[in-house]
Amino acid sequence: MVEQLLKTGGVKLRGCGSATPSRSITNAELGLRVETSDEWIRSRTGIAARRVIGPDESLSELNGLAAERALAMAGWSADSLDLILLATSTPDDLFGSAPRLQARIGAVNAAAFDLTAACSGFLFAVVTAAQYLRTGAMRRILVVGADQLSSWVDWDDRRSCVLFGDAAGALVLEASDPDEDDLAGFLLRSDGRRGEVLQLPQGAEHSPLVGDASHQRGGFQTIQMNGQEVYKFAVREVPAILDSLLNTTATDAACLDWLLLHQANQRILDAVADRFSIPGEKVLSNLASYGNTSAATIPVMLDEAVRDGRIQPGHLIASSGFGAGLSWGAALLRWSGPA
Ligand code: ACO
């Protein structure tokens with residue numbers, strides 16, 4: 001359990017950006033591959049289409065575009081960044097993709113590393129970034145949430161393949177005085193005992209090495225998901241953690257401008273909103289266009305709502321990420337925008 005205990009400085013949310021693949025695949029198109037229908041997918045999930053990275057695109061390219069758009073919104077040059085955190089479960093390189101992103105955008109003064117917490121990754125990374133900023137160790141940090149789950153989905157498994165898509169989203173944060181803090185509170189949770197309900201495990205194949213020794217071959221299987229258990233986990237834990245967050249920050253749900261949840265399933269968004277009597281017009285959702293893009297859903301949704309003017313400077317946002325691990329978290333955020 002990690003809670004906000006020490007606060008010597010604050011953080012400001014200064015800019016956001018996103019990038020999605022060009023190819024959209026509709027439910028009807030997926031029906032040509034697996035036995036499903038637009039009606040089934042829409043009514044069970046709210047998803048109408050998802051984006052999939054094609055041969056002329058890459059997740060690295062989307063990461064770079066999302067990052068550059070966030071920097072442009074904030075009016076910052078890449079060389080002013082102190083740190084890049086890349087939340088992803090699908091790196092191009094198992095040694096880490098964040099340094100490639102650093103090179104791509106020219107953030108020559110930034111340290112860069114990957115952080116893996118599946119669909120909770122973006123929220124976990126924002127909270128991690130805030131710790132460096134609050135201690136005064138760093139001034140400017142780029143957080144990117146990005147995933148290419150299309151590479152790891154079993155496209156012949158209709159129970160899971162209809163849910164996922166690819167995208168990248170970015171947020172830039174700056175150190176501030178403690179009384180001007182855009183991160184009003186947070187809670188993070190993990191429970192590895194329940195990890196088997198949603199996993200992407202290594203293959204178990206061994207190859208001869210020398211004598212009687214063998215080594216495990218690298219490589220992963222495809223996404224394995226017990227959809228009903230994941231659903232039950234989400235509708236139980238997300239309201240519980242948001243309730244704790246609102247209590248610890250003495251915040252009335254009626255004061256929230258927006259509910260910004262990980263975009264996994266419209267029924268999950270509706271169930272959480274109902275629990276707090278939050279009206280539908282305050283619940284941000286772009287599931288219909290993108291499906292579940294894992295670590296990218298929250299920053300992509302944030303970027304869309306900031307750019308179309310729904311989210312305004314000063315707005316209060318309750319956010320929650322949840323997914324494999326199992327992991328889940330919640331944060332109470334205020335959007336400031338460019339200084
Ligand atoms: N098209 C048509 N029929 C389908 C499909 C499909 N794509 N998928 C399953 N079905 C069938 C099943 O085979 C089953 O048929 P049966 O009764 O003859 O066996 C029937 O539909 C009902 O299946 P359920 O699994 O009970 O459907 P449910 O209502 O639970 O919906 C869903 C499934 C949408 C996956 C839901 O459980 C869900 O959204 N769970 C959460 C999943 C999730 O969000 N995962 C990501 C978490 S985030 C992360 O970290 C990656």
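The values are calculated or read from the model by the stated rules, or taken from the named source; none is laboratory data. This structure is a prediction, so every number in the text was calculated from the model and none was measured. Because the Cβ atoms are built from the backbone with ideal geometry, glycine has one as well, and the counts that use them run over all protein chains shown. Ligands, DNA and RNA are excluded from the accessible area calculation, which covers all protein heavy atoms including side chains. Shrake-Rupley method; radii C 1.70, N 1.55, O 1.52, S 1.80 Å.
Taking every alpha-carbon pair under 8 Å whose residues sit at least 6 apart, the chain reaches a relative contact order of 27 percent. Multiplying the residue separation of Gln131 and Phe95 by 0.36 nm and subtracting their alpha-carbon distance yields 10.6 nm. Taking label positions 7 Å along the Cα-Cβ direction at both Ser151 and Asp243, the computed distance is 4.0 nm, reported to one decimal.
Need one word for the stretch 193-242: rounded, prolate or oblate. Basis is the Cα gyration tensor (sqrt eigenvalues a ≥ b ≥ c); a/c below 1.5 gives rounded, then a/b vs b/c decides. Don't skip to the answer; put the middle values down first.
Working: a/c = 5.14, a/b = 3.59, b/c = 1.43.
Note, shape of the stretch 193-242 comes out prolate.
Considering the options Leu123, Ile105, Ala318, tell which one lies farthest towards the positive end of the dipole of the chain, charges being +1 on Lys and Arg and -1 on Asp and Glu at the Cβ, about the Cα centre. It is Ala318, whose Cα lies furthest towards the positive end. The average projected area of the stretch 2-180, computed from the convex hull of its Cα atoms over all directions, is 11.6 nm².
Could you tell me which residue out of Pro299, Val235, Ser214 lies farthest along the dipole of the chain toward its positive end? Charges go on the beta carbon: Lys and Arg +1, Asp and Glu -1, centred on the Cα centre. About the Cα centre, the residue reaching furthest to the positive side is Val235. Rounded to the nearest 20, the Cβ-based charge dipole of the stretch 27-153 about its Cα centre (Lys and Arg +1, Asp and Glu -1) stands at 460 debye. Computed extension gain for Ser43 through Ala288, at 0.36 nm per residue and net of the alpha carbon distance, reaches 87.1 nm.
Over the chain, the hull volume per residue, using the convex hull of the C-alpha atoms, is 150 Å³. Assuming R0 = 41 Å, can you tell me the calculated FRET efficiency for the pair Glu229 and Glu61, based on Cβ-Cβ distance, to the nearest 0.05? Here the calculated transfer efficiency is 0.70.
Given 0.36 nm per residue, what is the gain on full extension from Glu35 to Asp274 after removing their alpha carbon distance, in nm? Each step should come with its number before you reach the end.
On the way: separation 239, 0.36 × 239 = 86.04 nm, distance 3.22 nm.
Gain on extension, Glu35 to Asp274, equals 82.8 nm.
Would you work out the charge dipole size for the chain about its Cα centre, treating the Cβ of every Lys and Arg as +1 and the Cβ of every Asp and Glu as -1, and quote it to the nearest 20 debye?
Details: 29 positive and 40 negative charges, 55 e Å.
In total the dipole reaches around 260 debye.
Rolling a 1.4 Å probe over the protein heavy atoms gives the chain an accessible area of 43 Å² per residue. Couplings 3J(HN,Hα) for the stretch 277-285, derived from phi with the Karplus relation 6.51 cos²θ - 1.76 cosθ + 1.60 (θ = phi - 60°), are 6, 8, x, x, 6, 9, 9, 6, 8 Hz, where x marks Gly and Pro. Think of the stretch 2-180 as having a plus end and a minus end, set by charges on the Cβ of Lys, Arg, Asp and Glu; of Leu86, Ser150, Leu32, Leu86 sits farthest toward the positive end of this dipole. Amide H contacts of Ala117: Thr88, each under 5 Å away and 5 or more positions distant or on a separate chain (H built 1.01 Å from N in the peptide plane; Pro and chain starts excluded).
Couplings 3J(HN,Hα) of the stretch 138-148, computed from phi: 9, 10, 9, 9, 9, 10, 10, x, 8, 8, 10 Hz, in residue order, whole Hz [Karplus 6.51 cos²θ - 1.76 cosθ + 1.60, θ = phi - 60°; x for Gly and Pro]. So how far, in whole Å, is the C-alpha centre of the stretch 107-185 from the one of the stretch 201-248? Result: 19 Å between the Cα centres. Can you give me the distance in nm between label points at Cys255 and Ser80, each placed 7 Å from the Cα along the Cα-to-Cβ direction? For the pair Cys255/Ser80, the computed spacing is 3.1 nm. Electrostatic bookkeeping for Arg100 treats Lys and Arg as +1 and Asp and Glu as -1; over the other residues with beta carbon under 13 Å from its beta carbon, the sum is -3.
Give me Rg over Rh for the stretch 1-105, both radii from the alpha carbons and Rh done the Kirkwood way, two decimal places.
Values: Rg = 18.6 Å, Rh = 17.0 Å.
Answer for the stretch 1-105: 1.09.
Hey, with R₀ at 56 Å, roughly what FRET efficiency would Gln216 and Gln312 work out to, going by the Cβ-Cβ distance, to 0.05? Efficiency for this residue pair is about 0.60. Helix-only arithmetic for the chain: the sum of -39500 (n - 2.57) across DSSP H runs with n ≥ 4, divided by the residue total, places the mean residue ellipticity at 222 nm at -9000 deg cm²/dmol. Translational diffusion of the stretch 77-173 was estimated from the Stokes-Einstein equation, with Rh taken as the Kirkwood radius over Cα pairs; at 37 °C and 0.692 mPa s the coefficient is 233 µm²/s. Accessible surface comparison of Glu205, Glu180, Glu304, probe 1.4 Å, protein chains only, largest first: the order is Glu205, Glu180, Glu304.
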